[in-house]
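Quick notes on the structure that follows.
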Amino acid sequence: MTRDEGLDRLRHLARARALGRHVGSDRLIQAGLDALLADVDSPSLALLAGLGRREEHEAQELFDHVVDELGLVFEAPADPIAAKWALAHWLAAQIVDGSLDPATGADLIWVEAAMELDYPDRLQPIVECAIQLGDWNADWSTPLEQLKEEVLVAARAFVEGGGPETKL
């Protein structure tokens, strides 16, 4: 892992937490260890990376210190509706850039954003794909990869349609 990759992973986890996603202490500690091994340096990083199982309860607070020390803080919108739109947009962008499996991403957008936003029209194509993927089995005439490609197309259209606040 390069230094930039270590920082990106910390940034990603910081954003996930800020947008209300649960990130386990074990993942925070591992990200800290990986970043430390990739020559990322901050006063609290070694403390985070060195936490043992009995100290996992300290990981969340130490991770916040690391993120602050490295200037990676992400402020989610204070308005809960805007925060859900930001979450949907972030997840869709991850589908588009290939860092999130389309089936997993579509399901997360459906459950964690669209449902909370009362199924807005802009998210319907992704939700419909998520439903189909949830019901899919090997007997279907539509291949799984085709459904995942449809998620990718829908996510790309959502992302390219502008930020979530542009069409509320």
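The values are calculated or read from the model by the stated rules, or taken from the named source; none is laboratory data. Only a predicted model underlies this, so the values are computations on that prediction, with no experimental measurement involved. For neighbour counting, all protein chains shown are included, and Cβ atoms are generated from backbone atoms with ideal geometry for every residue, glycine included. Areas reflect the complete protein model, heavy atoms only, side chains present, ligands, DNA and RNA absent. Shrake-Rupley method; radii C 1.70, N 1.55, O 1.52, S 1.80 Å.
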Sole exception among (1) more than 13 Å from the chain's Cα centre (by Cα); (2) open to solvent by less than 80 Å² (accessible area, probe 1.4 Å); (3) without any contact (Cβ under 8 Å) to a residue 60 or more places away in the chain for E75, by number: (2)
Please report, ordered by residue number, the helices (runs of 4 or more DSSP H) entirely within the stretch 56-168 with at least 2 residues that are closer than 30 Å to G32 by Cα. 59-69, 80-97, 102-109
Would you call A16 among the small types (G, A, S), out of contact with any His (no Cβ under 6 Å at 6 or more places or on another chain), in a helix (DSSP H, G or I) and open to solvent by less than 80 Å² (accessible area, probe 1.4 Å)? yes
Of all residues in the stretch 31-63, count the ones that are open to solvent by 80 Å² or more (accessible area, probe 1.4 Å) and under 30 Å from A88 (Cα atoms). 2
Among the numbered criteria (1) over 15 Å from D8 (Cα atoms); (2) over 17 Å from the mean Cα position of the chain (by Cα); (3) assigned to a loop (DSSP other than H, G, I, E, B), which single criterion is violated by V40? (1)
